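Remarks on the structure that follows.
The values are calculated or read from the model by the stated rules, or taken from the named source; none is laboratory data. Worth saying up front: this structure is predicted, and the values here are computed from it rather than measured. Here the Cβ positions follow ideal geometry from the backbone for every residue, glycine too, while neighbour counts run over all protein chains shown. Surface accessibility is based on the protein's heavy atoms, side chains included, excluding ligands, DNA and RNA. Shrake-Rupley method; radii C 1.70, N 1.55, O 1.52, S 1.80 Å.
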Amino acid sequence: MAIVARGLAADLGRREAEGRPVRVAVIGCGEMGTDLVTQIARMKGIRVAGIADRRGTNAIEAIRIARLPAEMAAPVEGLPALDAAIEAGRIGIVDDAHLLLRSGQIDVVIDATGRPTAGAEIGLATIRAGKHLVMMNVEADVTIGPYLRREADKAGLVYTIGAGDEPTATMELIEFCTALGFPIIAAGKGKNNAFNPYAVPDDYRAEAERRNMNPRMLVEFVDGSKTMVEMATIANATGLLIDKPGMHGPMATLETLADVFRPVGEGGILTRKGVVDFTLGKGVAPGVFVVVELDHPRLCERMHDLKMGGEGPYYSFYRPHHLTSLEVPLSAARAVIHGMADMVPLDRPIVEVCALAKRDLKPGDRLDAIGETCYRSYAVMAEEARALRAWPVGLLDKGVVTAPIAKDSLITRDAVEIDRDTTLARLRRDMEISLWEATA
């Protein structure tokens, strides 16, 4: 018996019946891009129309993995050939993302590059090309998200963080709780991997191969960089704060979330309410949580009856899963069909993601990327980051050290010269001038 489609499923069903599916361009075809191609192939009313893949071979392999006919892959050169391939129902494969952006056969672009510099370039070009933008690249969002969102707003387009990652999964719970009038005490995630702040790719190469992952991406999870970025994304979309630099990261279990994430004076760890944080305790990962406070005995009675986590007045809400790339097509569909964003940054950063040195760095050293050997991400309140002249971590790739930086020290504008010629650096500079009328 077929289920009757409702909501977005019904909207997509209508698009399918009318022969006008949402047409998606996927930029980057690594692990995330391959997931997107595979997932969208199983959905109605939406299809991958084009893939930007510098080598081309990843895109062809993604189409094979998705169990689509081999003839669906259409490596092309030039806009006419690309448009013709898409019109014929094939997937245009190009090595230049900007070619996809010029196509009138594309409705929405998903950035699956994972690199902040690429995210800035692709993001700005997407908006200028009149396309909706779904950003999987949260590293780019925490660096220049307010700028991109503002440009999208001016153009009448949707800029949104993609569904499925911890920030948007947490946002669902936050919206649910705040709609009910429950004050948010804390919100965040369970950290999936063991926490090793000094992790480097060579130490995790074998594990990455077993898990079919890029070692750099695995290290970004292990050293806490991804967690810092994700929690900052939540803060910057909601106005929630961090309780201290780097957050607490306690060993709170699923059963003790509401006991741990409460004020110090009531036996918890927080010096203030309304924060983002993460836990290393068992039973939470890969899920996300929200802890709320209820001030009415009738409501507390009901929460006890319903066996919600906590003894009152604090209670925890929990979503046990986030499907990463597999949920992102929902954001693309909502952007095109409803003009709706799942998650957007506020006008200015609440939390900045800065960086701590993983080892002693000396003048002349050239910095590598997030998830490599030089530094790890570190969340700091935005005003404090400005006072300390800390660089946003997204700008550090290929920066040059100009003064000694001790291991575990904050990387500042006085000790590193970044590459100022990238689109990312230029947009960040413009954003800082517009927000604070000052920049380094």
Give the residue, chosen from Ala206, Ala199, Ala232, Ala237, that is of a type in the set (A, V, I, L, M) and within 17 Å of Cys354 (Cβ to Cβ).
Ala232
Of all residues in segment 240-267 being among the hydrophobic types (A, V, I, L, M, F, W, C) and assigned to a helix (DSSP H, G or I), the one that is nearest to the chain's Cα centre (by Cα)
Leu257
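Could we say that Ala84 is outside any loop (DSSP other than H, G, I, E, B), out of contact with any helix residue (DSSP H, G or I) (no Cβ under 6 Å at 6 or more places or on another chain) and either hydroxyl-bearing (Ser, Thr, Tyr) or farther than 22 Å from Ala333 by Cβ (or both) here? Quick ask: steps written out before the conclusion?
Working: outside any loop (DSSP other than H, G, I, E, B): yes; out of contact with any helix residue (DSSP H, G or I) (no Cβ under 6 Å at 6 or more places or on another chain): yes; either hydroxyl-bearing (Ser, Thr, Tyr) or farther than 22 Å from Ala333 by Cβ (or both): yes.
Against the criterion (outside any loop (DSSP other than H, G, I, E, B), out of contact with any helix residue (DSSP H, G or I) (no Cβ under 6 Å at 6 or more places or on another chain) and either hydroxyl-bearing (Ser, Thr, Tyr) or farther than 22 Å from Ala333 by Cβ (or both)), Ala84 qualifies.
Table: residues versus (1) at pLDDT below 95; (2) under 12 Å from the mean Cα position of the chain (by Cα); (3) buried (at least 21 other Cβ atoms within 10 Å of the Cβ); (4) of a type in the set (D, E, K, R).
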{"position": "Ile91", "(1), (2), (3), (4)": "no, no, yes, no"}
{"position": "Leu124", "(1), (2), (3), (4)": "no, no, no, no"}
{"position": "Met135", "(1), (2), (3), (4)": "no, yes, yes, no"}
{"position": "Thr160", "(1), (2), (3), (4)": "no, yes, yes, no"}
{"position": "Asp165", "(1), (2), (3), (4)": "yes, yes, yes, yes"}
{"position": "Phe182", "(1), (2), (3), (4)": "no, no, no, no"}
Out of the residues in segment 268-283 that are out of contact with any Leu (no Cβ under 6 Å at 6 or more places or on another chain) and more than 15 Å from Ser316 (Cβ to Cβ), which is least open to solvent (accessible area, probe 1.4 Å)?
Leu280
How many residues does segment 93-119 hold that are charged (D, E, K, R) and either surrounded by fewer than 20 Cβ atoms within 10 Å (Cβ to Cβ) or farther than 30 Å from Ile144 by Cα (or both)?
4
Quick one: which strands (runs of 3 or more DSSP E) sit completely within segment 1-79 and have at least 1 residues that are without any contact (Cβ under 8 Å) to a residue 60 or more places away in the chain and surrounded by 13 or more Cβ atoms within 10 Å (Cβ to Cβ)?
46-52, 73-75
Take the residues in segment 331-348 that are open to solvent by less than 50 Å² (accessible area, probe 1.4 Å) and in contact with a Pro (Cβ under 8 Å, 6 or more places away or on another chain), then tell me which one is farthest from Arg15 (Cα to Cα).
Pro345
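Output the number of residues of segment 198-216 satisfying the condition of being among the small types (Gly, Ala, Ser) and part of a helix (DSSP H, G or I).
Quick first cut of segment 198-216, residues among the small types (Gly, Ala, Ser) only: 199, 206, 208.
Imposing the further condition that a residue be part of a helix (DSSP H, G or I) reduces the set to 206, 208.
Total meeting the criteria: 2.
Out of curiosity, is Gly339 at positive phi, modelled with pLDDT of 95 or more and out of contact with any Asp or Glu (no Cβ under 7 Å at 6 or more places or on another chain)? Steps first, please.
Values: at positive phi: yes; modelled with pLDDT of 95 or more: yes; out of contact with any Asp or Glu (no Cβ under 7 Å at 6 or more places or on another chain): yes.
Yes.
Just give me the residues in segment 106-122 being of a type in the set (D, E, K, R) and modelled with pLDDT under 95, in sequence order. Even if it seems obvious, please write down each step before you answer.
First, pick out the residues of segment 106-122 that are of a type in the set (D, E, K, R): 107, 111, 115, 121.
Answer for segment 106-122, where residues must be of a type in the set (D, E, K, R) and modelled with pLDDT under 95: just Arg115.
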In segment 290-326, which residues are buried (at least 17 other Cβ atoms within 10 Å of the Cβ), part of a loop (DSSP other than H, G, I, E, B) and free of Cβ contacts under 8 Å to residues at least 60 places away in the same chain?
Met308, Gly310, Pro313
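Listed residues Arg54, Arg67, Arg90, Arg6; which is of a type in the set (Lys, Arg), out of contact with any Gly (no Cβ under 7 Å at 6 or more places or on another chain) and closer than 26 Å to Pro116 by Cα?
Arg54
Among what's in segment 99-122 and is hydrophobic (A, V, I, L, M, F, W, C) and under 19 Å from the mean Cα position of the chain (by Cα), pick the residue that is farthest from Gly394 (Cα to Cα). It would help to see each step written out before you state the result.
Going through segment 99-122, the residues hydrophobic (A, V, I, L, M, F, W, C) turn out to be 99-101, 106, 108-110, 112, 118, 120, 122.
If we keep only those that are under 19 Å from the mean Cα position of the chain (by Cα) too, we end up with 108-110, 112, 118, 120, 122.
Working: Val108: 24, Val109: 21, Ile110: 19, Ala112: 16, Ala118: 11, Ala120: 10, Ile122: 15 Å.
Within segment 99-122, the match that is farthest from Gly394 (Cα to Cα) is Val108.
Whether any residue in segment 253-262 is open to solvent by less than 10 Å² (accessible area, probe 1.4 Å) and either closer than 24 Å to Thr113 by Cα or free of Cβ contacts under 8 Å to residues at least 24 places away in the same chain (or both) is what I want to check. Before the answer, list the steps.
Keep residues of segment 253-262 that are open to solvent by less than 10 Å² (accessible area, probe 1.4 Å), which gives 257-258, 261.
Then drop every residue that is not either closer than 24 Å to Thr113 by Cα or free of Cβ contacts under 8 Å to residues at least 24 places away in the same chain (or both), which leaves none.
No, every residue in segment 253-262 fails to be open to solvent by less than 10 Å² (accessible area, probe 1.4 Å) and either closer than 24 Å to Thr113 by Cα or free of Cβ contacts under 8 Å to residues at least 24 places away in the same chain (or both).
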Here the residues within segment 399-440 that are open to solvent by 50 Å² or more (accessible area, probe 1.4 Å), closer than 22 Å to Ala125 by Cα and touching a Phe, Trp or Tyr at 6+ places or on another chain (Cβ under 9 Å) are Asp430, Ser434
Would you call Leu388 in contact with a Ser or Thr (Cβ under 8 Å, 6 or more places away or on another chain), in contact (Cβ under 8 Å) with a residue 40 or more places away in the chain, of a type in the set (A, V, I, L, M) and surrounded by 13 or more Cβ atoms within 10 Å (Cβ to Cβ)?
no
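Going through Phe221, Phe195 one at a time, which residue ends up being open to solvent by 10 Å² or more (accessible area, probe 1.4 Å) and not in a loop (DSSP other than H, G, I, E, B)?
Phe221
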Test: residue in segment 232-239 that is open to solvent by 20 Å² or more (accessible area, probe 1.4 Å) and part of a helix (DSSP H, G or I):
yes
Of the numbered conditions (1) open to solvent by 10 Å² or more (accessible area, probe 1.4 Å); (2) assigned to a loop (DSSP other than H, G, I, E, B); (3) within 24 Å of Tyr204 (Cβ to Cβ); (4) in contact with a helix residue (DSSP H, G or I) (Cβ under 9 Å, 6 or more places away or on another chain), Gly371 fails exactly one; give the number of that condition.
(1)
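Of these, Arg348, Arg376, which one is assigned to a strand (DSSP E or B), in contact (Cβ under 8 Å) with a residue 12 or more places away in the chain, of a type in the set (Lys, Arg) and touching a helix residue (DSSP H, G or I) at 6+ places or on another chain (Cβ under 6 Å)? Don't jump to the end; show me each part of the working.
Details: Arg348 fails: assigned to a strand (DSSP E or B).
One residue alone meets the criteria, Arg376.
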